[in-house]
Amino acid sequence: MDPFWNPFVEEQAMGRAHRIGQTREVFVHRVLIAGTVENRIMELQESKKHLIESALDERGMKSISQLNRRELGFLFGLNSLTG
């Protein structure tokens, strides 16, 4: 599975594999290579998770539903998430 910028899309996909009635053990393997877009997507996911945890109202949740220019620049190695 390729990483997606929204961490909950991946969690939903993994949850489907662990569905009710599943009788076999399920393994999810993530293969990442340093310096790739996929690696930066995983870092962005972590940033989004922290943002979600701190969001307490609907306005805060709306701000995490779309990628902004800074996040897009980060994905393509043009800038960092913290600056």
**F4 paired with N39, simple spin-label distance in nm, labels 7 Å along Cα-to-beta-carbon** = 2.4 nm
**Asked** Under a plain spin-label model, where a point goes 7 Å from the Cα along Cα-to-Cβ, how far apart in nm are T82 and I20?
**Response** 4.4 nm
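Of F74, F8, F27, how do they rank once you tally other Cβ atoms within 10 Å and put the fewest first?
Numbers: F74 22, F8 14, F27 6.
Least to most surrounded, the residues fall as F27, F8, F74.
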**Message:** Could you work out the pair-distance distribution P(r) of region 1-44 from its alpha-carbon pairs, with 5 angstrom bin width and percents rounded to whole numbers?
**Reply:** 5, 20, 25, 21, 14, 9, 5, 1
**Prompt:** Residue separation times 0.36 nm, minus the C-alpha to C-alpha distance between H50 and V31: what's the value?
**Reply:** 4.6 nm
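Coordinate-derived values only; no laboratory data. Here the structure is a predicted model, which means the values were calculated and not measured. Note: ideal-geometry Cβ built from the backbone for every residue, glycine included; neighbour counts use all protein chains shown.
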